[in-house]
Structures are given as structure tokens and as C-alpha cells.
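**Q** Let me begin by handing over the structure; questions about it come next.
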Amino acid sequence: MEIACLQTAGTTGDPEANLAALEVAAGDAVARGAELLVTPEMFLTGYDLGPDTPERVRALAPGLLDRVRDTARRHGLALVVGMPEVEGGHCYNVAVFVGPDGEVLGRHRKVHLFGDVDRAAFSAGDQLVSTVRFRGLTIAMLICYDVEFPEAVRAAAIAGAHLVVVPTAQMHPFEWVAEQLVRVRAWENQVYVAYVDHDGHEGAFDYVGRSSVVGPDGVVLASVEHGEALLVARVDADRVVRQRRENPYLTDRRGPLYGALVQD
């Protein structure tokens, strides 16, 4: 399956502009043969909206998911889109997986909150990894800081993921995460990793860009450093199977010995 990843600066605090950009990217992705498009973290509203970020993201959240579902239906394209979600008085930093018919197939609420912006605006999700079965692939969703915890990507691999999609808002000075850690996560778990970042400046952050799709052997299949770009790469479940035979970390694990390492 071909997947597309949108790196963009986006328009902070302007969902209409970002929905319009999603529409254009969706059309481009379909024209290039993609069946799934992934956006950055909090793409529809922006991530750092200033001192009143908590209030602004809550105010902007209503109705966004319905608009995303409409876009998916219009293009016959699956989407993983970063946005805020309000439920039961809590606001979550969410990646929503919408199928090409507009059906919501899954969502991931960011588990590991990073820094003041996350902690001030959002409640933490309580599901380490979220997976969706789509077009013969098991696709796991994480958000930004989640991928920096080895337990999260390992949990995705154990759950059978072929691909881990990671909408992110990675900022300077953490270029090394995008350049090195993402490749390690793919290699040590024999999964594809699609790491999809903002670019440019927003609020207090200078985003590092450096979006990429990495294969289960740690090889970068598509990447861009800066600027707006739509990356397209092929994900092949058979390649994951072959790589796990050649690099048997998952089968050679000795799980019963690791219990104490994951306890608080």
C-alpha cells in the first residue's frame, strides 16, 4: 500500500485554512496512488497557540471530525489527522483514523505529555498504543513524544503492527529524534515508521521538519528536511515478515525477565 505524509507549517489557530490544505493534500495523495494520508500532530488547529492555548483548542475542537470525515469521503482516501478532541470535560491531543468511506476506524490519545503546552492543554490518554486493521495492514498510531518511549513501539510490534504512524510536532533542539531515533525504533521492532512533522515557526517553537518514512530494516524510504512536502512511500506487509525472520528481536525476547523494568 502507498502512504502519503504531509509536512507543512500549517496555519496556527485557523482550522478553515488547515482543512483547505488537507483537501489539497488529499487530492495530491490520491493522484500519486496513495490510499492513506497522515498529517502532523494537532494539524487542524496548530499546537502552540500562545498563552491561551488550552482555551483556544477547546473552542476550536467542535465539528472538526465531521469535516475530516467529509474530506475522506470526497476523495475515497483514508486519513490519520491530528486534532483536539473534547470529551467528558477533558481535552485530548488526538490522532483520528478515518476510513475512505468517512467511518472513524480508530483514534489515539497522546499518552506521554511533553512540556508545558501539552500538560496545560490536554489530559493524557490511557491506551499505550492504538491499532487499526486497514487494507491488509495492521497500523498503529502514536503521537510525537510517545515514539520516544521504546515500550510504546514495542507494544505496537507485539500487537502485530506493520506500520506505526506518528503525527508529531518536533521542535529544535531535538533534530536527533527525527534523524536517528526514528530509524532505531523501526529497526529494533521491524516495523515501518511514518514520522510526520510540522515545519517552520509557531509560538515558542521552531519545528525541525525532517519528516520521513522508514522501513523495517531501518532504511529511510522517503524524507524531507524543510519546507512543505508530500512524501509517498510503499508499505509491504511481506517485507515486515521477511525482516522479522532476518532480525529476530521479537522472537528472541525473554519477556518474563523484563517485568520489573516496566513497573513504576
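**Q** Between 115, 160, 106, 88, which is at pLDDT 95 or above and closer than 20 Å to residue 42 by Cα?
**A** Going through 115, 160, 106, 88 in turn, just one is at pLDDT 95 or above and closer than 20 Å to residue 42 by Cα: 106.
**Q** What is the residue count in region 186-220 for residues that are buried (at least 16 other Cβ atoms within 10 Å of the Cβ), more than 23 Å from residue 253 (Cβ to Cβ) and of a type outside the set (Gly, Ala, Ser)?
**A** 11
**Q** Filter region 50-92 down to the residues that are free of Cβ contacts under 8 Å to residues at least 40 places away in the same chain, surrounded by fewer than 16 Cβ atoms within 10 Å (Cβ to Cβ) and farther than 23 Å from residue 145 by Cα and list them by number.
**A** Residues satisfying the conditions are 59, 62, 63, 66, 70, 73, 88, 89.
**Q** If residue 223 satisfies all but one of (1) under 19 Å from residue 35 (Cα atoms); (2) of a type in the set (S, T, N, Q); (3) surrounded by fewer than 18 Cβ atoms within 10 Å (Cβ to Cβ), what's the number of the condition it fails?
**A** (3)
**Q** Would you check which residues across region 93-119 are farther than 20 Å from residue 151 by Cβ, part of a loop (DSSP other than H, G, I, E, B) and in contact (Cβ under 8 Å) with a residue 40 or more places away in the chain and list them?
**A** 100
**Q** Another question about this same structure. Across region 103-122, which residue is nearest to residue 68 (Cα to Cα) among those that are surrounded by fewer than 18 Cβ atoms within 10 Å (Cβ to Cβ) and more than 17 Å from the chain's Cα centre (by Cα)?
**A** 103
**Q** Right, something else. For region 237-260, give me the residue count where each residue is within 27 Å of residue 167 (Cα to Cα) and free of Cβ contacts under 8 Å to residues at least 60 places away in the same chain.
**A** Of the residues in region 237-260, 6 are within 27 Å of residue 167 (Cα to Cα) and free of Cβ contacts under 8 Å to residues at least 60 places away in the same chain.
**Q** When the residues of region 133-157 are filtered to those that are surrounded by 21 or more Cβ atoms within 10 Å (Cβ to Cβ) and among the β-branched types (Val, Ile, Thr), which remaining residue is nearest to residue 255 (Cα to Cα)?
**A** 153
The values are calculated or read from the model by the stated rules, or taken from the named source; none is laboratory data. Computed from a predicted structure; not experimentally measured. Positions of Cβ are backbone-derived with ideal geometry, glycine not excepted, and every protein chain shown enters the neighbour counts.
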